[in-house]
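The values are calculated or read from the model by the stated rules, or taken from the named source; none is laboratory data. Since this is a predicted model, take the numbers as computed values, not measurements. Every residue, glycine as well, gets a Cβ built from its backbone with ideal geometry; the counts of neighbours run over all protein chains shown. Heads up: the accessible areas ignore ligands, DNA and RNA and are worked out on the full protein's heavy atoms, side chains in. Shrake-Rupley method; radii C 1.70, N 1.55, O 1.52, S 1.80 Å.
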Amino acid sequence: MWKWRDLIYMLCLVLVLVPVFIETVLFNYLLDFFRNELYAGTLNGFIMAIVFTTALYVIVLKPKEQSWKAVGLQPFPLREWKLIAVWTIILIVVSIVLVIGMSFIGVGTENSKTESLQSQMTLLNFAIGFVSAAIISPIYEEIFYRGFLYRFFSSRYGVLSGMLISSLIFTVVHIPTFNTLPVNFVSGLIFSWVYQKTGSIIPSILIHGIFNGIAVILTAIA
């Protein structure tokens, strides 16, 4: 359905252009403007969401006259709500185990994102952080990493390879928050599997959003 050229273009955007021009140059500019890391990071993430989805539409979908359904944006059977609940719980439990395991080797849970939110904890800042993590990020990340990347690789090499490759790329793009990488990889596997089972990217978006939302709440409480 999609060609290697499409993949190369999108990976160049995600692995080169976005880190250099958006996550570095633009973020530093926004940081100078707002003098607030949380505000700069949130707006930066919103711009990334626009860039990701626009590029995916212009480069991949539009030339082939495809709709967003091609990347999994379609309804799913109501009976799959049980699947969503089960895998959300599994993801939470596995993440807790990974965090505890990392603590034994001296890896903490703090990073620049959690520190930024905790150091500026107000109701407004909590709302901004929650919307960014639980709504904006899950939507565009699932559309790209599962809807496009997972489907690209699984259609060529099978479900397991698609899960592993797309999850690995999903993990790499979260560098330099190294203490979240194991959780990122496991969550990528779960999101891919849920997409495979339901045929829709919406359940993965919901699980992703719930998980991130809980993480923001726990960060605020801490």
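Evaluating 6.51 cos²θ - 1.76 cosθ + 1.60 at θ = phi - 60° for every residue in the range 3-16, the Karplus couplings come out as 9, 4, 4, 4, 5, 4, 4, 5, 5, 4, 5, 6, 9, 10 Hz, glycine and proline recorded as x.
In this label model, W4 and E115 are separated by 4.3 nm, measuring between points 7 Å along each Cα→Cβ vector. Here the 3J(HN,Hα) profile of the range 127-132, calculated from phi with Karplus coefficients 6.51, -1.76 and 1.60 at θ = phi - 60°, is 4, 5, x, 5, 4, 4 Hz, Gly and Pro shown as x.
Based on C-alpha pairs under 8 angstrom that are at least 6 apart in sequence, the range 72-180 has a relative contact order of 27 percent.
When the surface is traced with a 1.4 Å probe over the full set of protein chains, Y39 keeps roughly 70 Å² accessible.
Rounded, prolate or oblate: which fits the range 135-182, taking a ≥ b ≥ c as square roots of the Cα gyration tensor eigenvalues, rounded meaning a/c under 1.5, else prolate when a/b beats b/c? Oblate, since a/c reaches 1.5 and b/c is not below a/b.
Computed over the range 57-101, the alpha-carbon pair-distance distribution with 5 angstrom bins reads 5, 17, 13, 12, 11, 11, 15, 10, 4, 1, each value a whole percent. log₁₀ I(q)/I(0) of the range 97-222 at q = 0.15 Å⁻¹, via Debye over equal Cα point scatterers, no solvent, to two decimals? With no solvent term, the Cα-only Debye profile gives -0.72.
Over the chain, what is the relative contact order in percent, taking alpha-carbon pairs closer than 8 angstrom and at least six residues apart?
Values: 222 pairs, mean separation 62.1, N = 222.
So the answer I get is 28 percent.
Computed with a 1.4 Å probe on the full set of protein chains, the accessible area for E141 sits at about 20 Å². If the segment from R156 to V131 were pulled out straight at 0.36 nm per residue, it would be longer than the present Cα-Cα gap by 5.5 nm. Note on F21 and V173: with the Förster distance fixed at 25 Å, the Cβ-Cβ geometry gives a FRET efficiency of about 0.95.
Once all protein chains are placed together, I50 keeps about 80 Å² accessible to a 1.4 angstrom probe. Under the classification rounded if a/c is under 1.5, otherwise prolate if a/b is larger than b/c and oblate if not, where does the range 179-222 fall, given a ≥ b ≥ c as square roots of the Cα gyration tensor eigenvalues? Note, shape of the range 179-222 comes out oblate. Taking a ≥ b ≥ c as the square roots of the eigenvalues of the Cα gyration tensor of the range 32-137, is the shape rounded (a/c under 1.5), prolate (a/b larger than b/c) or oblate? Oblate, because a/c is 1.5 or more while a/b does not exceed b/c. Per-residue Karplus couplings for the range 185-198, computed as 6.51 cos²θ - 1.76 cosθ + 1.60 with θ equal to phi - 60°, are listed in order as 5, 5, 5, x, 5, 5, 4, 5, 5, 5, 4, 4, 6, 9 Hz, Gly and Pro entered as x.
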